[in-house]
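To keep things clear, I will list the structure first and then write my remarks on it.
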Amino acid sequence: MKTQDQILVKSQDTKEEDLSFSLKFDRFFSKPVYRKSLDAITIGFFILVIIGPIVFIFLTIFLNLPTINKQVFHDELLGDLKWQMILQSLLISFIIAAIAVAIDLIIAFPTAIVLTRYNFKGKEIIDAMVDLPMAVPTGALGFSILLFWGIFGIEPGVNLILMGHIVFTFPYIVRNMKIVLEKADVLYEDAARTLGAPGFTVFRTITLPMMKEGIIAGAILAFTRSLGETGATIILSGLVESAPILIVGFRRQLELPAASLLAGILITISIILLFSIKFFTRKVGFPVKSVLPEFEKRLSNKKLRYIRDAVTATIIVILILIPTFYVVSQIIDATIIDNVFHSKDNKWAYLYVAFMNSIQIAALAVFINLLFGIPFAFIIVKRKWGKPIVILDTILDIPIAIPSAALGFAVFMFWGPAGINLFEPGF
């Protein structure tokens, strides 16, 4: 018994020592000097890695204005051809983004309402499937869309790019609408129905105004997402050059001044759109005064509502879900499997190397983001710095809105030979 008691006492002493060490460790690194040092390192990383490339691309444009003017606007052989190419690519990107967002808005309205206001079996599955295009790598998703619409004879070009961008941007609009609707109190809608308002009138006068911020934020984010989509657009574009594809082309041809100018234009547009979400969405109003009782009563008919839901579901399945998953049907094809795994040119080896490179890059990026992202989140939430926190919180969203090709080129210029020359293109 004494031996057991001695063991228990030693065990308790060990636990107390471990606890004491843990407390000492926490107290030591909780000192203001270490907290301030961690904050400084975190913000320094944020400025260097996130903001540095964006600022550098504008600095590059400013310092190379004579070169840009000569090569883009007044080339001895081509004149302003490169500028015309830039304008044409921007026009194509804007038209595709606008049409894709308009179509997504039409589909997203009933989808968001069904996912927030109705309860039915399989709702969670449908909710998850709506988000899938955000999770699937854009290259794989673009190839799946290419295969699916190729069955119907749609060749790579503007139409196929549009089909792809509808898929990519749809989740952004639905998700933003859904978040706003989940926070909104249904008491007002129930009260209006109790007083005899038709369903469409309730939607127009109560639900729609409550969705305003989600609609505007989702539409702008979807627009910037479409404007900057690169990976899938390259697969779907054919001979069409949108703005991100033109940046890639300029980069490959080492036309760095022209690429810098186009990247700067895209970044500027994206930042303006992002700030409009932050500061102007609450000031925009929706017209709700006009009332057409008989017309709105007819639109509130149950049969029309069922037709609306059925049509919406059909469109989502055809435009979003089937193109997203179609590539799976090709993976299980025995001919394709044999061609990949038993080919003499070792296709599988190349696929394996590419896949492992992607996994390693993703893992390293996530690790670094967690390492600095967690303390940065604490700074945003816990530090009472006033306006600096608001500025940091706003700037944090900039990389999300900036087109990936423009951001990638900015990173290349900042870290590469044209900038601080610390890294070469590659892993």
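The values are calculated or read from the model by the stated rules, or taken from the named source; none is laboratory data. Source: prediction; values computed, not measured. Note: ideal-geometry Cβ built from the backbone for every residue, glycine included; neighbour counts use all protein chains shown.
Among the candidates ASP397, ASP338, ASP393, ASP345, which residue alone is closer than 23 Å to SER270 by Cβ, free of Cβ contacts under 8 Å to residues at least 24 places away in the same chain and acidic (Asp, Glu)?
Going through ASP397, ASP338, ASP393, ASP345 in turn, the sole match is ASP393.
Which residue pairs have Cβ atoms closer than 7 Å, lie 6 or more positions apart in sequence or on different chains, and pair a first residue in region 404-419 that is buried (at least 19 other Cβ atoms within 10 Å of the Cβ) with a second residue that is at pLDDT below 90 and not in a helix (DSSP H, G or I)?
What qualifies is ALA405/THR230; PHE412/PRO425; MET413/GLY419; PHE414/ILE420; TRP415/LEU422; TRP415/PHE423.
Starting from region 367-389, take each residue that is modelled with pLDDT of 80 or more and list its partners that are of a type in the set (S, T, N, Q), counting only C-beta distances under 6 angstrom and pairs at least six apart or across chains.
Every condition considered, the pairs that remain are PHE372/THR42; PRO375/THR42; PHE376/THR42.
Of everything in region 238-280, what is without any contact (Cβ under 8 Å) to a residue 40 or more places away in the chain and among the charged types (D, E, K, R)? Give them in sequence order.
ARG252
Of (1) in a helix (DSSP H, G or I); (2) free of Cβ contacts under 8 Å to residues at least 60 places away in the same chain, PHE120 satisfies all except one. Which?
PHE120 satisfies all of (1) in a helix (DSSP H, G or I); (2) free of Cβ contacts under 8 Å to residues at least 60 places away in the same chain except (1).
Please verify whether LEU91 is within 26 Å of SER237 (Cα to Cα), of a type in the set (A, V, I, L, M), free of Cβ contacts under 8 Å to residues at least 24 places away in the same chain and surrounded by 12 or more Cβ atoms within 10 Å (Cβ to Cβ), treating the condition exactly as stated.
So LEU91 fits the description; yes.
Looking at (1) farther than 25 Å from ALA140 by Cα; (2) surrounded by 11 or more Cβ atoms within 10 Å (Cβ to Cβ), find the lone condition where LYS387 falls short.
(2)
Okay, residues lined up against (1) not in a helix (DSSP H, G or I); (2) not aliphatic (A, V, I, L, M):
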site	(1), (2)
ILE337	no, no
LYS344	yes, yes
VAL353	no, no
SER358	no, yes
ALA363	no, no
VAL366	no, no
ILE374	no, no
PRO388	no, yes
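To keep it simple, each residue is scored yes or no on (1) in contact with a Lys or Arg (Cβ under 9 Å, 6 or more places away or on another chain); (2) farther than 23 Å from LEU274 by Cα; (3) outside any helix (DSSP H, G or I); (4) of a type outside the set (Val, Ile, Thr).
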position: TRP385; (1), (2), (3), (4): no, no, yes, yes
position: THR394; (1), (2), (3), (4): yes, no, no, no
position: ALA410; (1), (2), (3), (4): no, no, no, yes
position: MET413; (1), (2), (3), (4): no, yes, no, yes
position: ALA418; (1), (2), (3), (4): no, yes, yes, yes
